[in-house]
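Please read the structure below before turning to the comments.
The values are calculated or read from the model by the stated rules, or taken from the named source; none is laboratory data. All values reported here derive from a predicted model rather than from experimental measurement. Note that we place each Cβ from the backbone using ideal geometry, even for glycine, and neighbour counts take in every protein chain shown.
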Amino acid sequence: MSPAIGPVLQREALLAFAELLSYPDDALPGRLRAQAARLPSATGGALDALADRLALLGAGGAEELYTATFDLRPAVSPYAGMHLCGEGPRRNALLAHLAALRAQAGLPPADEVPDHFAELLRYLAAAPADEESEDVAALVLAPAARLAAAALPHDNPYRAALEALARALPARAELPVRTKEAGP
């Protein structure tokens with residue numbers, strides 16, 4: 001996370017983004033606003049804007065927006081491994097590694113697979129600030145969030161939120177993004 005955000009705010013920001021990238025419920029706009037108020041304006045503003053949009057849409061509309069954004073657009077999949085590895089053995093290895101990291105951080109198994117954006121954020125909020133968690137943030141979550149954001153139209157409120165997330169994560173040289181495998 002940005003050095004301008006202290007450790008407590010880092011955890012709050014990570015958990016706020018985890019809420020944002022989970023399937024919405026009726027109370028999500030209020031929770032996002034409360035968390036946005038405690039964050040720096042660049043980060044909190046994106047959460048606030050999305051909270052406003054979700055509140056206007058109501059519970060059913062928020063669910064439809066989430067589904068249309070993440071479930072019906074493969075290029076905006078909320079699964080980092082799909083962006084970086086595609087489906088197959090490389091993603092499976094990433095999933096196994098992330099599951100082991102979650103267990104080391106004391107997190108219980110989640111309902112979602114461990115490369116889901118929300119689960120990665122929950123891991124980062126619980127994990128010690130070490131090289132392993134920085135690698136997950138900088139080499140897995142940040143590039144996947146950037147790719148997902150770039151695939152969204154500018155008027156989709158999740159785009160600004162994903163861009164804010166990518167900006168808030170540590171910057172480092174990235175692993176190459178998935179390319180088509182050479183044929184037989």
*Only one of E163, E132, E119 that is surrounded by 17 or more Cβ atoms within 10 Å (Cβ to Cβ) and more than 15 Å from S22 (Cα to Cα)*: E163
*Kindly indicate the residue of segment 3-49 that is in a loop (DSSP other than H, G, I, E, B) and within 19 Å of A126 (Cβ to Cβ) and also modelled with the lowest pLDDT among those meeting that condition.*
I5
*Across segment 71-101, what is the number of residues that are in a loop (DSSP other than H, G, I, E, B) and either free of Cβ contacts under 8 Å to residues at least 12 places away in the same chain or acidic (D, E) (or both)?*
3
*Hey, among P108, P78, P114, which residue is loosely packed, with under 12 Cβ neighbours inside 10 Å, under 25 Å from L28 (Cβ atoms) and either in contact with a helix residue (DSSP H, G or I) (Cβ under 9 Å, 6 or more places away or on another chain) or among the aromatic types (F, W, Y) (or both)?*
P108
